[in-house]
Amino acid sequence: MLVFWIGLIGFLACVFYTAAPVKYKYKAWGEFFVFLMWGPLMFEGAYAVQRQALSLKALYVSIPFGILVGMVLLANNIRDIAYDSRQGIKTVGILLGSQWSFFLYAGLLLTAYLSIIGLVLTGILSPWGCWSSSLSPKRFAF
């Protein structure tokens, strides 16, 4: 049942990205929901499928991944500020402007990597988590 609820939340978040009546992409909520779907929901969903439970450790590990995926959307929205403004779309890039959006981007990048270091220092993530090579034998040990 847990997986059903996680899946339902993810499904609704996907549908209402551009669908009426919510259309949250056009209200500067896109980055947040992309973070939520590709971070906590995906990690907790995968964990719940395997363990039939939720995990705070999985939630913590999901945060840098969700941030990095949300940053892809933020970069795209920064690039499209002029076009989206003409279309009446509100994005974080439009609300903050180019310069502050770049600062946000840099801050999120720093946050993602510092959170990985923090996860390693607290023992939630194995030190292999700092090694980004695909050769890493134990990248995400809980």
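The values are calculated or read from the model by the stated rules, or taken from the named source; none is laboratory data. Small disclaimer: the values here were computed from a predicted structure and weren't measured. Positions of Cβ are backbone-derived with ideal geometry, glycine not excepted, and every protein chain shown enters the neighbour counts.
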Are any of the residues in segment 89-106 exposed (fewer than 14 other Cβ atoms within 10 Å of the Cβ), under 17 Å from Gly39 (Cα atoms) and within 19 Å of the chain's Cα centre (by Cα)?
-> no
Which helices (runs of 4 or more DSSP H) sit wholly inside segment 1-88 and have at least 3 residues that are of a type in the set (Phe, Trp, Tyr), surrounded by fewer than 17 Cβ atoms within 10 Å (Cβ to Cβ) and without any contact (Cβ under 8 Å) to a residue 40 or more places away in the chain?
-> 2-15
Kindly indicate the residue of segment 1-44 that is at pLDDT below 95 and small (Gly, Ala, Ser) and also farthest from Asn77 (Cα to Cα) among those meeting that condition.
-> Gly7
Are any of the residues in segment 36-56 over 30 Å from Cys130 (Cβ atoms) and among the aliphatic types (A, V, I, L, M)?
-> no
